[in-house]
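Participant: The following block contains the structure, expressed as C-alpha cells.
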Amino acid sequence: MLGSQRWTYFTNEEVVGLEPEYVPKLDMARAKTIELDPEKKGIAFVITSGFRSVEKNESVIGAVPDSSHCKGLATDLAVDNHHEVFLIVAALISVGINRIGIYVNGEGLPTHVHNDMDTEKPSQTIWLKREGSVSDELPQTA
C-alpha cells in the first residue's frame, strides 16, 4: 500500500501494484499535457489497465506472457481522439517513458495508449496495433 495520497493526478487506488519509480513519471506526463494544451488544461489520464496478476493477464485476449503489466511497469490510457494520442505520446516521451503502443479499433480510431518502462524490452519504440490482435506488446527483437 502506498499510504497517504502522493500523486497530483492519480489516486492510490488507481496505481495499486505499479512500481514506485513509474508512477511519478506518469504524474509528470499528465502535468506536461497542460503545457502542451493550455487551453484545455491538459487531458485526464484514465488508466484502463494497470498492474495485472498473472491470472488476470492470462484472461486478456492477446496478452503476452511476459507482459510489462505483470511487472507493474505498464498502463493503458484511454483516448477519445487523435489529438489526445498526440498529447499523451508527447508527454510520455518528454518524461522518459519511451515504450508506447497505440491501439486502434476496427475502424482505425484510437482507443488507448499503452506505455511502459520495462528495461528488459526494446526502448525508444512506438507501435500501432489493432485491438484483438495477437499480442498486447511489441515482441522482443534483437
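Computed from the coordinates by the stated procedures, all read-outs in this text should not be read as laboratory data. Source: prediction; values computed, not measured. All Cβ positions, even for glycine, are placed from backbone atoms using ideal geometry, and neighbour counts span all protein chains on display.
Participant: Please give, to one decimal in nm, the separation of the simple spin-label points placed at Trp127 and His82, each 7 Å out from Cα toward the Cβ.
Facilitator: Once both label points are built, they end up 2.3 nm from each other.
Participant: Right, something else. Under a Cβ-only charge scheme (Lys and Arg +1, Asp and Glu -1), can you give me the dipole magnitude of region 1-119 about the Cα centre, in debye to the nearest 20?
Facilitator: Computed charge dipole of region 1-119: roughly 220 debye.
Participant: Another question, then. Extension gain Thr48-Ser94, at 0.36 nm per residue separation less the Cα-Cα distance, in nm?
Facilitator: 14.4 nm
Participant: Further question: Name the residue from Thr75, Ser53, Val95 whose Cα lies farthest towards the positive end of the charge dipole of region 40-107, charges +1 on Cβ of Lys and Arg and -1 on Cβ of Asp and Glu.
Facilitator: Result: Val95, furthest along the dipole toward the positive end.
Participant: Select from region 80-122 those GluC sites (Glu not before Pro) which occupy a DSSP coil region and have at most 16 other Cβ atoms within 10 Å, ordered by residue number.
Facilitator: For GluC sites (Glu not before Pro) across region 80-122 that sit outside H, G, I, E and B with at most 16 neighbouring Cβ atoms in 10 Å, the list reads Glu107, Glu120.
Participant: Can you tell me how much longer the chain between Glu58 and Tyr9 gets when fully stretched, taken as 0.36 nm per residue apart minus their C-alpha distance, in nm with one decimal?
Facilitator: Additional length available on full extension: 14.7 nm.
Participant: For a Förster distance of 25 Å, can you work out the FRET efficiency between the beta-carbons of Glu35 and Glu120, rounded to the nearest 0.05?
Facilitator: 0.20
Participant: Report Rg(Cα)/(2.2 N^0.38 Å) for the chain, keeping two decimals.
Facilitator: 1.00
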